[in-house]
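Working notes, structure below.
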Amino acid sequence: MRHNAAAVLFIVLTILTAHLASTPPYSWHDNTISELGSQGYENAWIMRAGFIGFGALVAAGAVQRTRVQRKFWYRELPLVLYGGGILLSGVFSAKPFVPGVDYSELEANLHSALATSAGVGISMSILLYMFGETQVRRKFGHLAALVLVVALSALFGLSGTGAGIVQRGLYVVGFGWLIFIETGATVGESKA
């Protein structure tokens, strides 16, 4: 089973559904995907369910690949962190994007910490996949993904307006890489 492809399809459909259900003043240009699941937002359940399902599928895929290829457990462990961080960010929501709405600052901080841990998890996994890769083309594919994830993460941290666009670019790179690791295997591996 291709868990990552299923996870990406699921989250993309969820994001599109959440966008269609979004209400002003939400702006895909300036607001993040996390804010589609923010505290006090009436349609937040859509994105929260998306984060939970996506995270569970990614983590399950990492566990499955570890069961098939035990010697590569070290590169899948950070993907369990990534999946778990995303899953839990669906449980602990971001602060509201609408001013004046009461919210739990602790929950918002937990969401932020979990999203950061997910970013660290996918970055570490990309790095470990890159170092373990024997095919030069695929090694460069991992390197390109890592450079883009780090650059977009830094840009996202610095952006005010346009944060939504930058974060969506970050998601696209991560989704592309998740599918990339399922499309080919390192020499000597079987595809999981």
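Conditions (1) in contact with a strand residue (DSSP E or B) (Cβ under 9 Å, 6 or more places away or on another chain); (2) among the small types (Gly, Ala, Ser); (3) surrounded by 21 or more Cβ atoms within 10 Å (Cβ to Cβ), marked per residue:
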position	(1), (2), (3)
Val91	no, no, no
Leu106	no, no, no
Leu110	no, no, no
Met124	no, no, no
Gly132	no, yes, no
Leu146	no, no, no
Ala154	no, yes, no
Gly157	no, yes, no
Gln167	no, no, yes
Being surrounded by fewer than 19 Cβ atoms within 10 Å (Cβ to Cβ), in a helix (DSSP H, G or I), β-branched (Val, Ile, Thr) and at pLDDT 95 or above narrows it down to one of Val120, Val173, so name that one.
Val120
Members of the stretch 37-51 found to be surrounded by 15 or more Cβ atoms within 10 Å (Cβ to Cβ), more than 19 Å from Gly83 (Cβ to Cβ) and of a type outside the set (Ser, Thr, Tyr), listed by number
Gln39, Gly40, Asn43, Ala44, Ile46
Can you tell me which residue among Leu16, Leu79 is under 20 Å from the mean Cα position of the chain (by Cα), assigned to a helix (DSSP H, G or I) and surrounded by 15 or more Cβ atoms within 10 Å (Cβ to Cβ)?
Leu79
So which residues in the stretch 19-36 are buried (at least 18 other Cβ atoms within 10 Å of the Cβ) and farther than 22 Å from Trp177 by Cα, if there are any at all?
Ser22, Tyr26, Asn31, Glu35, Leu36
Only one of these is β-branched (Val, Ile, Thr) and farther than 28 Å from His29 by Cα: Ile181, Ile122, Ile126, Ile165. Name it.
Ile181
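The values are calculated or read from the model by the stated rules, or taken from the named source; none is laboratory data. No experiment lies behind these values; they were computed from the predicted model shown. Note: ideal-geometry Cβ built from the backbone for every residue, glycine included; neighbour counts use all protein chains shown.
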